[in-house]
Amino acid sequence: MGLPLPDPGESVIPPLPPTAPRRRPPAILIQAVTGAALLPVVALLALPFLALLLRTSPALLLGRLEEPVVLQALRLSLVTSAVATAVVIALGLPVAYLLATRSWRGKRVLEVLVDLPMVLPPTVAGFALLMAFGRAGLVGRSLGALGITLPFTTAGVVVAQVFMALPFFIGPARAGIAGVDRRFVEAAATLRASDTRTFFRVILPLAMPSILAGATMSCARALGEFGATITFAGNLPGTTQTMPLAVYLALQSDLDAAVVLSVLLLVMSFGLLLGLRSAPRGWLWNRAPVSPR
Amino acid sequence: MLRFRLASRLGSFSLEIEGSVEERSVLVLVGESGSGKTMVLRLLAGLMRPLRGVIVTDGGVWFDGESGTFLPARDRPVGYVAQDYALFPHLSVAENVAFGLKALGAARREIGGRVHRALERLDAAPLAARRPHELSGGQQQRVALARALVLEPELLLLDEPLSALDVQARRSVRGELRRLLTSLPCATVYVTHNPTEALVFGDTIAVLESGRISQSGTRGDLMRKPRSAFAAEFLGLNLLRGTVIGRERSGLVRVSVRGGELFVPHVEGEGEVTMTVHPREITLALERPAGSARNVFEGEIEEIVPEPPAGELVRISVATSPPLVAEVTRESVEALGLGPGRRVHASFKAAAVSVQ
């Protein structure tokens, strides 16, 4: 402050233009914009759930939980989404490995195919499933001849859930497998391990956080599946009427049942996603420190 | 004995080299980064397939470009220690070391003992239950060596084994590693960019420059007749090993070497030291010099070799004890009338000795 500054007019080097204040991030503006956006986003996402929770009470929940409609739907949802998740892992893991480790001409087609259920309207997916596996469908006829019926059966529910949930597993699992450092794969090879041993002892454990994340996402997706199920498998209580379908039906007849089912679904989905987020980094194994070079 | 002749290509980089290593000896490949050192190791390990060439051991053919024979990494009795060690982060130290034994189908009851002995040999037995992220760089290196050596490989490949360590750890680990390598029954290929490591570890040193070996030979060969400027400057050094025996009031340190005593500048600690003296620091004289040089040795000239690139300088090997090589100008050779068989005094100042 007290330093004698040269007169800018006499200076040989022109003084710097006053850019400094403009370059500084306008902190208040950013806060204002983010704050203004945060409020409606939180409101939009949280208010419906809040309304749902306010509409219910412990007494209502406990009272209606034992009703056959609720209980049946709950049991069916739990069983089908558990089976669907198992199928998704069994089928999705090899495909994720293939996508992560190999490349071939036309790989992109498979990638798009795998992603498609994420963006396809579920009713379209259900309709397409019906065209393929329905009684008069492309392969449904042959399946029927073998005594296998999918539409309007519990197995059909699982098929619809698997169809819709697969991309939610394959995406993260593939990223996890591709993210396994090649150094470890090569170290395994020089330690005389076969490809199979390398997969199960090195790649799989190292990719496990991503694989579990994918499994959780696909389980949550299967649990919430509605459109494809109702189109492909119908809405038969005890056989194909999962919780989302029961909610839809109860809306027209028994609002309290709809509330109870919705709250249950909300709590289960919230729990799954919260579990996924709260798993501490490196809870399965700790990453080696980044190469000290 | 491992013999190899390899040609490979990676983008626009091409590699063409030839070499061999005996059991119980170390071949050091020294070169700057980008010279293709790691590629050679990957080719020898079977992680990369060469374009042409052969890799033959006493045990059999690992690669033959002509016949198409190619053993992949998992079928080669090779121990490979990567630059950053690549310990499996999800396995404990003991599980890391057991990994290869299990892959080879060793009997379950045998594994525990072999793992323990391998770790013990590297002073790493107390680390058995730890995870890699809980280890220091030096400890990680020992575990990686144990993991490779427990399989009793015919060939050990080390990629810059000291470069991931900090400067302090490097000196002590270097000593341990040297003792370990001299005790191993297998052939070792050691890759480094550091000329001192090359001199310390290499029974044979091959200088790798842009995918070609510009010179290969013993330390003595490189010292007496370096064939490139790089070899002359960094590898053709007088290497002396000795033990600290005392300290002068001036701060100089007395070191006993095979055949005599040396004065060297200040060194930390006691015990064994490795020292280098560049040949240009060594003065040759017919009479015993009276000046400030503290280190004087007398001997007969063995050989005089012109030095690249221009041959203005020559390297003179003198059969002193310890043997020394001096670098002098052609004029002084003529002025002093130096030639093989001539008795000379080789001298250098204490300050010319760099303690490694």
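The values are calculated or read from the model by the stated rules, or taken from the named source; none is laboratory data. Remember, predicted model here, so these are calculated numbers, not experimental data. Here Cβ is always computed from backbone atoms with ideal geometry, including for glycine, and neighbour counts include all displayed protein chains.
Residue by residue, here is whether (1) aliphatic (A, V, I, L, M); (2) in a loop (DSSP other than H, G, I, E, B) holds:
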site	(1), (2)
B:Arg249	no, yes
B:Val255	yes, no
B:Arg288	no, yes
B:Gly291	no, yes
B:Val296	yes, no
B:Glu302	no, no
B:Val314	yes, no
B:Ala346	yes, no
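Annotation: B:Glu32 fulfils all but one of (1) touching a residue at least 40 places away in the same chain (Cβ under 8 Å); (2) at positive phi; the unmet one is (2). Checking each residue in the stretch A:170-211 for being among the hydrophobic types (A, V, I, L, M, F, W, C), within 14 Å of chain B (Cβ to nearest Cβ) and closer than 28 Å to A:Ser81 by Cα picks out A:Phe199, A:Phe200, A:Ile203, A:Leu204, A:Leu206, A:Ala207, A:Met208, A:Ile211.
For B:Arg3, indicate whether it is assigned to a strand (DSSP E or B), farther than 23 Å from B:Ser228 by Cβ and in contact (Cβ under 8 Å) with a residue 24 or more places away in the chain.
Taking the combined requirement at face value, the residue satisfies it.
Just for the stretch B:312-348: of the residues that are surrounded by fewer than 18 Cβ atoms within 10 Å (Cβ to Cβ) and in contact (Cβ under 8 Å) with a residue 60 or more places away in the chain, which one is nearest to B:Glu233 (Cα to Cα)? By that ranking, first place goes to B:Pro322. Kindly provide the set of residues from the stretch B:248-272 that are exposed (fewer than 12 other Cβ atoms within 10 Å of the Cβ) and of a type in the set (Gly, Ala, Ser), ordered by number. Correct list: B:Ser250, B:Gly251, B:Gly269, B:Gly271. Within the set B:Ala148, B:Ala206, B:Ala198, the sole residue that is among the small types (Gly, Ala, Ser) and more than 24 Å from B:Asn238 (Cβ to Cβ) turns out to be B:Ala148. From the list B:Ala94, B:Ala45, B:Ala73, the lone residue that is in contact (Cβ under 8 Å) with a residue 12 or more places away in the chain, within 24 Å of B:Val150 (Cα to Cα), in contact with a Gly (Cβ under 7 Å, 6 or more places away or on another chain) and surrounded by 14 or more Cβ atoms within 10 Å (Cβ to Cβ) is B:Ala73. Taking (1) at pLDDT 95 or above; (2) among the β-branched types (Val, Ile, Thr); (3) within 18 Å of A:Ser262 (Cβ to Cβ) in turn, A:Val69 satisfies each apart from (1). Taken over the stretch A:173-188, the criterion of being crowded, with 24+ Cβ neighbours inside 10 Å and of a type outside the set (Lys, Arg) is satisfied by A:Ala173, A:Ala187, A:Ala188.
With the structure loaded, tell me whether A:Gly137 is part of a helix (DSSP H, G or I) and surrounded by 12 or more Cβ atoms within 10 Å (Cβ to Cβ) or whether it fails that test. Spelling it out, it is not the case that A:Gly137 is part of a helix (DSSP H, G or I) and surrounded by 12 or more Cβ atoms within 10 Å (Cβ to Cβ). Among the residues of the stretch B:5-42, those identified as surrounded by 14 or more Cβ atoms within 10 Å (Cβ to Cβ), among the hydroxyl-bearing types (Ser, Thr, Tyr) and out of contact with any Leu (no Cβ under 7 Å at 6 or more places or on another chain) are B:Ser14, B:Ser25, B:Thr38. Criterion applied to A:Ala160, A:Ala125, A:Ala165 was being touching a Lys or Arg at 6+ places or on another chain (Cβ under 8 Å) and either in a loop (DSSP other than H, G, I, E, B) or crowded, with 18+ Cβ neighbours inside 10 Å (or both), and the one residue passing it is A:Ala165.
Residue-wise test of (1) among the β-branched types (Val, Ile, Thr); (2) touching a Lys or Arg at 6+ places or on another chain (Cβ under 7 Å); (3) at pLDDT 90 or above.
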position: B:Thr276; (1), (2), (3): yes, no, no
position: B:Gly311; (1), (2), (3): no, no, no
position: B:Val344; (1), (2), (3): yes, no, yes
position: B:Ala350; (1), (2), (3): no, yes, no
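Considering the conditions (1) out of contact with any Asp or Glu (no Cβ under 9 Å at 6 or more places or on another chain); (2) within 14 Å of another protein chain (Cβ to nearest Cβ), A:Phe270 is excluded by exactly one of them, (2).
With respect to (1) more than 12 Å from the chain's Cα centre (by Cα); (2) closer than 21 Å to B:Ala94 by Cα, the lone exception for B:Leu177 is condition (1). In summary, B:Val56 fulfils each of the numbered conditions (1) crowded, with 21+ Cβ neighbours inside 10 Å; (2) under 22 Å from B:Asp159 (Cα atoms); (3) of a type outside the set (Ser, Thr, Tyr); (4) at pLDDT 95 or above with the single exception of condition (1). Determine if the stretch B:69-79 includes at least one residue that is in a helix (DSSP H, G or I), farther than 30 Å from B:Ala231 by Cα and away from chain A (no Cβ under 13 Å). No, the stretch B:69-79 has no match at all.
Could we say that B:Ser92 is within 14 Å of chain A (Cβ to nearest Cβ), among the hydroxyl-bearing types (Ser, Thr, Tyr) and farther than 29 Å from B:Ser14 by Cβ here? When the stated conditions are applied, B:Ser92 passes them. The helices (runs of 4 or more DSSP H) found wholly in the stretch B:109-226 and carrying at least 2 residues that are within 14 Å of chain A (Cβ to nearest Cβ) occupy B:137-149, B:167-183.
Within the stretch A:51-66, the residues that satisfy the criterion of being free of Cβ contacts under 8 Å to residues at least 60 places away in the same chain and either among the acidic types (Asp, Glu) or closer than 14 Å to A:Ala258 by Cβ (or both) are A:Ala51, A:Glu66. Reported count of residues in the stretch B:150-176, each being at pLDDT 90 or above and either surrounded by 21 or more Cβ atoms within 10 Å (Cβ to Cβ) or in contact with an Asp or Glu (Cβ under 9 Å, 6 or more places away or on another chain) (or both), is 12.
If you take the residues of the stretch B:12-60 that are away from chain A (no Cβ under 14 Å) and among the basic types (Lys, Arg), which of them is farthest from the chain's Cα centre (by Cα)? Residue satisfying both the conditions and the ranking: B:Arg52. For the stretch A:39-84, the tally of residues that are part of a helix (DSSP H, G or I), of a type outside the set (A, V, I, L, M, F, W, C) and surrounded by 13 or more Cβ atoms within 10 Å (Cβ to Cβ) stands at 7.
Only one of the listed residues (B:Ile205, B:Ile245) is of a type in the set (A, V, I, L, M) and either surrounded by 17 or more Cβ atoms within 10 Å (Cβ to Cβ) or under 23 Å from B:Arg42 (Cα atoms) (or both). That residue is B:Ile205.
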